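Participant: Before anything else, here's the structure in question.
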Amino acid sequence: MIAEGTRESAEQRQHFLTTETLSGRTITEILDTAESFISVGEREIKKVPLLRGKTIVNLFFEASTRTRTTFEIAGKRLSADIININTSVSATQKGESLLDTVRNLEAMHTDLFVIRHPLSGAADLIARSVPRHVHVVNAGDGRHAHPTQGLLDMFTIRRYKGDFRRLTVAIVGDVLHSRVARSQIHALTALGTKEIRVIAPRSLMPAAVASLGVTPYTDMNAGLKDVDVVIMLRLQFERMSGALIPSAREYFALYGLTPDRLRHAHPQAIVMHPGPMNRGLEIASEVADGPQSVILPQVTNGIAVRMAILARLAGAQAAEAKTS
Amino acid sequence: MIAEGTRESAEQRQHFLTTETLSGRTITEILDTAESFISVGEREIKKVPLLRGKTIVNLFFEASTRTRTTFEIAGKRLSADIININTSVSATQKGESLLDTVRNLEAMHTDLFVIRHPLSGAADLIARSVPRHVHVVNAGDGRHAHPTQGLLDMFTIRRYKGDFRRLTVAIVGDVLHSRVARSQIHALTALGTKEIRVIAPRSLMPAAVASLGVTPYTDMNAGLKDVDVVIMLRLQFERMSGALIPSAREYFALYGLTPDRLRHAHPQAIVMHPGPMNRGLEIASEVADGPQSVILPQVTNGIAVRMAILARLAGAQAAEAKTS
Amino acid sequence: MIAEGTRESAEQRQHFLTTETLSGRTITEILDTAESFISVGEREIKKVPLLRGKTIVNLFFEASTRTRTTFEIAGKRLSADIININTSVSATQKGESLLDTVRNLEAMHTDLFVIRHPLSGAADLIARSVPRHVHVVNAGDGRHAHPTQGLLDMFTIRRYKGDFRRLTVAIVGDVLHSRVARSQIHALTALGTKEIRVIAPRSLMPAAVASLGVTPYTDMNAGLKDVDVVIMLRLQFERMSGALIPSAREYFALYGLTPDRLRHAHPQAIVMHPGPMNRGLEIASEVADGPQSVILPQVTNGIAVRMAILARLAGAQAAEAKTS
């Protein structure tokens, strides 16, 4: 177990915005709580009353069926009322500003916002503007962070591979545009991971990657050598400006995860992907559906981890802690 | 009562995909259960706890306010949590495959999918891929089947006209493109209906219609002669390729159900339509809103029948049956 | 308290369509009920079981995140099941008529419709067609009325300024296109407001405004002189045909509410706006976010007032009253 002296900041008790400032201890606490929620999803009656009478707003400025759905299911299993608002940034710009939108929703005595926004920093901006009893969860902001994805990945790694201090983890693909990769790197670091590698073509490798304490590789076979965990990233075409990769076929030949390539990793290595996958582009179907893949368990774990995060922020015990 | 030796297949206990393979006994059981749910809609508190803690996903790849809403209401009256996902086939093709979408939702420990899809066979495809504890209800797939509509129509006929073995039923209009007609014909046959007629212009009459055991008519007056039940179909312009009908006026003159035309049927005949109606095209408003119309009771019955189907698949008793 | 001999009409007990026919007594009763619901929004568990097992349909033919959300939250806090239907008028026209849509939803044993529609009179049309046990709430119809907004504004004025018989209220801006202004004027009149002023450029002043018993002003400073309440209206560009205002800058110079301009009002005057605001057009941000603004409390009050209206129409006590 990771034990550090760091105490949680007030912000960390109120919001969940990034993995960058989380201590290993805080992450471990959240993963432990998530562990207790795994059983809820396996029961006949998948419901606990922790957030009964709370109102959670899913405020999505980017389309996302999967993340929206997991938060909606997580909230409903905690017995909260969920309000879905799917909108586009242009609609907001025309009508009223982002902060006006949030202030209005806040005035309706809503308790927690789950926010996805194409601009980096959007969730932080909102978090700084809400009163103490309102909570903000970042469900992805631009290229910046996707911390609940980061934590569900840590949860998955811990379940399959145990102690982070013995693990070598490779993150592969479009690191440049990936908010997921950023959140993973910070969390892996906080949890004391032995070695974190990043594998990408030069055009998709962030300039300052080494300063994050990770080892960059442009050769995939070398980067995968003996790793315990392979995290594939989605090619984020929608965030690319200009041609950053050669043809799809060439990309797959160099950086696609095939069964052959996976043999460079440790024989018991697990393969992860945050989804949705581009099959045949960053990952071969034989690997995605193969015995080392834990891609669907990631989704299952996502519900439990999101329940843990929602309950931690807005649950009755959280409220008690705040008033004591 | 219809009593047959056929035992339900495992598939029929797990999914609800078509009326084609249902025995009269199974249909009768479902209609009997639906009968017990009719009273729920008439109570002050329209709620029973049968599916509390279950998660139902309404996965609609075609827009449909009415069917989506009836399933949502049916699920909520059974106390289930409902997740609505409205998407388009093109979005799925671009992002991830249909099966990836379903596998992801399944990994969230969802219990039942209600699926509408423009491709015939989509619900079957999904049903074959899910594990034993996940249920699939076909809410309309291409031209193939719309079995919950078929059963709510049987429920309505039974309520108004009693024993199927004494009834002559005419199905009128765009049979060629109608998944509803297919589901009705199979269910009417299983229930031992005395005579099933199909009335349509040649261009909208399926080639193999006689092999279904029904009597085809191209003359509407002859086809309506003394029938007990008139089921009008919606002209499915959106599924027609090319000009299959003459002008709207000419179609109405030949196949529109007017009060005059209805006089060819039995004086106590009921008039049905799955909705939404094209008034003045396949049916005159005087008939749609007239004393023989049971079009709105069909909608009411649709809630009860869908509750019966959802409860049968995912209810606690169903679960018990599975484990015993 | 306003005490009048008028008894509520049957329509007023069944529907909530306009403030035009409401007596001061009825309005006061609703505001008193809303007062009791304010505390629900401030509790740890924001939920009362008054409408448990009832089905409310939010039927929106115009996009409106804010109003839809407040009704959804109000309904959920009363424990009702909420069905959201967002559609466009063109889709309705193509498919089935407005009344067919409503009759179908009604056949699903839904209890209450919250309707927003671009055509004036749409909610009345529907209210006249539904049976006795179904309730209709007008959430805005064309330029005609937005009575729940009108009542939440009365609630807000009463909370901050007390007795209407001592108050001077100015309504400022695009009165011509404002259904909100109409609903406010009728409610203010019914509550015995001392003086109601309307401030607008000639091009946005309704011809028959004086017949409503209000005093028209085209000069803003004169109109604001010593008023207790300033209600700013949103410029409804989407309802304007042709150029009714000069440039935005010129409009703001003449009719925008700035701190300087607000000094003409009573020093304790409150500033209201139904939202969403066009900042820098009809109102300066310094005023919108300033100490006299009660714009966010309006939103909070909107939940309580809508809960009061929903509970009054569809609650168990309402049901008792009907059967006695």
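The values are calculated or read from the model by the stated rules, or taken from the named source; none is laboratory data. From a predicted model like this one, the values you see are computed outputs, not experimental measurements. Neighbour counts are summed over all protein chains in view; Cβ atoms, including those assigned to glycine, are modelled from backbone coordinates with ideal geometry.
Participant: From B:115, B:73, B:82, which residue is within 19 Å of residue B:301 (Cβ to Cβ) and crowded, with 18+ Cβ neighbours inside 10 Å?
Facilitator: Numbers: B:115 fails: within 19 Å of residue B:301 (Cβ to Cβ); B:82 fails: within 19 Å of residue B:301 (Cβ to Cβ).
Checking each option against the conditions leaves just B:73.
Participant: Please indicate, with yes or no, whether at least one residue in the stretch C:52-61 is assigned to a loop (DSSP other than H, G, I, E, B), touching a strand residue (DSSP E or B) at 6+ places or on another chain (Cβ under 9 Å) and within 28 Å of residue A:103 (Cα to Cα).
Facilitator: Yes, the stretch C:52-61 contains a residue that is assigned to a loop (DSSP other than H, G, I, E, B), touching a strand residue (DSSP E or B) at 6+ places or on another chain (Cβ under 9 Å) and within 28 Å of residue A:103 (Cα to Cα).
Participant: Say we look at the stretch A:181-212 and pick out the residues that are within 16 Å of residue A:257 (Cβ to Cβ) and in contact with a strand residue (DSSP E or B) (Cβ under 9 Å, 6 or more places away or on another chain); which of these is surrounded by the fewest Cβ atoms within 10 Å (Cβ to Cβ)? Please lay out each step first, then the result.
Facilitator: Start the filter on the stretch A:181-212 by keeping residues that are within 16 Å of residue A:257 (Cβ to Cβ), which leaves A:181, A:197-201, A:204.
Imposing the further condition that a residue be in contact with a strand residue (DSSP E or B) (Cβ under 9 Å, 6 or more places away or on another chain) reduces the set to A:181, A:197-200.
On the way: A:181: 28, A:197: 19, A:198: 27, A:199: 28, A:200: 24.
That would be A:197.
Participant: Among the residues of the stretch C:181-190, is there at least one that is out of contact with any Leu (no Cβ under 6 Å at 6 or more places or on another chain) and assigned to a loop (DSSP other than H, G, I, E, B)?
Facilitator: Among the residues of the stretch C:181-190, not one is out of contact with any Leu (no Cβ under 6 Å at 6 or more places or on another chain) and assigned to a loop (DSSP other than H, G, I, E, B), which makes the answer no.
For (1) farther than 23 Å from residue C:147 by Cβ; (2) hydrophobic (A, V, I, L, M, F, W, C); (3) modelled with pLDDT of 95 or more, each residue gets a yes or a no:
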| residue | (1), (2), (3) |
| --- | --- |
| C:183 | no, no, yes |
| C:198 | no, yes, yes |
| C:202 | yes, no, no |
| C:211 | no, no, no |
| C:257 | yes, yes, yes |
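Participant: On the basis of being more than 20 Å from the chain's Cα centre (by Cα), small (Gly, Ala, Ser), more than 25 Å from residue C:17 (Cβ to Cβ) and not in a loop (DSSP other than H, G, I, E, B), does residue C:222 make the cut? Can you show your working first?
Facilitator: Values: more than 20 Å from the chain's Cα centre (by Cα): yes; small (Gly, Ala, Ser): yes; more than 25 Å from residue C:17 (Cβ to Cβ): yes; not in a loop (DSSP other than H, G, I, E, B): yes.
The answer is yes for residue C:222.
Participant: Right, here's the next one. Would you please name the residue that is farthest from the chain's Cα centre (by Cα), looking only at residues in the stretch B:98-150 that are of a type in the set (S, T, N, Q) and either within 14 Å of chain A (Cβ to nearest Cβ) or within 18 Å of residue B:22 (Cβ to Cβ) (or both)? Even if it seems obvious, please write down each step before you answer.
Facilitator: Our first condition is that a residue be of a type in the set (S, T, N, Q); within the stretch B:98-150, this holds for B:101, B:104, B:110, B:120, B:129, B:138, B:148-149.
After this cut, where a residue has to be either within 14 Å of chain A (Cβ to nearest Cβ) or within 18 Å of residue B:22 (Cβ to Cβ) (or both) as well, the list is B:101, B:104, B:110, B:129, B:138, B:148-149.
On the way: B:101: 25, B:104: 28, B:110: 24, B:129: 23, B:138: 9, B:148: 4, B:149: 1 Å.
Among them, the one singled out is B:104.
Participant: Taking the conditions exactly as written (in contact (Cβ under 8 Å) with a residue 40 or more places away in the chain, part of a helix (DSSP H, G or I) and among the hydroxyl-bearing types (Ser, Thr, Tyr)), does residue C:203 satisfy them or not?
Facilitator: For residue C:203, the condition - in contact (Cβ under 8 Å) with a residue 40 or more places away in the chain, part of a helix (DSSP H, G or I) and among the hydroxyl-bearing types (Ser, Thr, Tyr) - is met.
Participant: Continuing with this model, one more query. Which of the residues belonging to the stretch A:244-285 are in contact with a strand residue (DSSP E or B) (Cβ under 8 Å, 6 or more places away or on another chain), of a type in the set (A, V, I, L, M, F, W, C) and over 14 Å from residue A:221 (Cβ atoms)?
Facilitator: Those that are in contact with a strand residue (DSSP E or B) (Cβ under 8 Å, 6 or more places away or on another chain), of a type in the set (A, V, I, L, M, F, W, C) and over 14 Å from residue A:221 (Cβ atoms): A:270, A:271, A:272, A:277, A:283, A:284.
Participant: Among the residues of the stretch C:153-179 satisfying the criterion of being assigned to a helix (DSSP H, G or I) and either without any contact (Cβ under 8 Å) to a residue 24 or more places away in the chain or basic (Lys, Arg) (or both), which is surrounded by the most Cβ atoms within 10 Å (Cβ to Cβ)?
Facilitator: Here is the first cut: in the stretch C:153-179, the ones assigned to a helix (DSSP H, G or I) are C:153-161, C:164-166, C:179.
Going one step further and asking which of them are either without any contact (Cβ under 8 Å) to a residue 24 or more places away in the chain or basic (Lys, Arg) (or both), we end up with C:158-159, C:161, C:165-166, C:179.
Numbers: C:158: 20, C:159: 16, C:161: 18, C:165: 10, C:166: 12, C:179: 23.
This residue is C:179.
Participant: Okay, next question. Within the stretch A:208-241, can you find the residues that are free of Cβ contacts under 8 Å to residues at least 12 places away in the same chain and closer than 29 Å to residue A:63 by Cα?
Facilitator: Listed by number, the residues that qualify are A:237, A:238, A:241.
Participant: Another one. Just for the stretch C:74-97: of the residues that are modelled with pLDDT under 90 and assigned to a loop (DSSP other than H, G, I, E, B), which one is farthest from the other protein chains (Cβ to nearest Cβ)?
Facilitator: Residue satisfying both the conditions and the ranking: C:88.
Participant: To continue, here is another question. Given (1) farther than 20 Å from residue B:146 by Cα; (2) in contact with a Leu (Cβ under 7 Å, 6 or more places away or on another chain); (3) away from chain C (no Cβ under 13 Å), where does residue B:36 come up short, assuming only one miss?
Facilitator: (2)
Participant: A further question follows. Would you pick out the residues in the stretch A:39-73 that are without any contact (Cβ under 8 Å) to a residue 24 or more places away in the chain, more than 14 Å from chain C (Cβ to nearest Cβ) and not small (Gly, Ala, Ser)? Steps first, please.
Facilitator: Kept after step one, since they are without any contact (Cβ under 8 Å) to a residue 24 or more places away in the chain, are these residues of the stretch A:39-73: A:39, A:42-45, A:63, A:65, A:69, A:72.
Remaining after also requiring more than 14 Å from chain C (Cβ to nearest Cβ): A:39, A:42-45, A:63, A:65, A:69.
Result: A:42, A:43, A:44, A:45, A:65, A:69.
Participant: Same structure again: Between a first residue in the stretch C:121-133 that is more than 11 Å from residue C:102 (Cα to Cα) and a second residue that is in a helix (DSSP H, G or I), which pairs have beta carbons less than 7 Å apart while being 6 or more apart in sequence or on different chains?
Facilitator: C:122/C:98; C:132/C:14
Participant: When you check residue A:272 against the structure, is it modelled with pLDDT under 95 and not basic (Lys, Arg), yes or no?
Facilitator: On the way: modelled with pLDDT under 95: no; not basic (Lys, Arg): yes.
Spelling it out, it is not the case that residue A:272 is modelled with pLDDT under 95 and not basic (Lys, Arg).
Yes/no matrix, rows are residues, columns are (1) buried (at least 23 other Cβ atoms within 10 Å of the Cβ); (2) out of contact with any helix residue (DSSP H, G or I) (no Cβ under 9 Å at 6 or more places or on another chain); (3) at pLDDT below 95:
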| position | (1), (2), (3) |
| --- | --- |
| A:225 | no, yes, no |
| A:252 | no, yes, yes |
| A:289 | no, no, no |
| A:303 | yes, no, no |
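Participant: Here's another thing I want to ask about it. Within the stretch C:258-303, take every residue that is of a type in the set (D, E, K, R) and within 14 Å of chain A (Cβ to nearest Cβ) and give me the one that is farthest from residue C:47 (Cα to Cα).
Facilitator: First, the residues of the stretch C:258-303 that are of a type in the set (D, E, K, R): C:260-261, C:263, C:279, C:282, C:286, C:289.
Okay, now just the ones that are also within 14 Å of chain A (Cβ to nearest Cβ), so C:279, C:282, C:289.
Numbers: C:279: 35, C:282: 37, C:289: 30 Å.
My answer is C:282.
Participant: Still on this structure, please answer the following. Output the helices (runs of 4 or more DSSP H) that fall wholly within the stretch B:259-315 and possess 1 or more residues being over 23 Å from residue B:168 (Cβ atoms), in contact (Cβ under 8 Å) with a residue 60 or more places away in the chain and more than 15 Å from the chain's Cα centre (by Cα), or say none.
Facilitator: Details: elements: B:259-262, B:285-288, B:295-314.
Counting at least 1 such residues, we get B:295-314.
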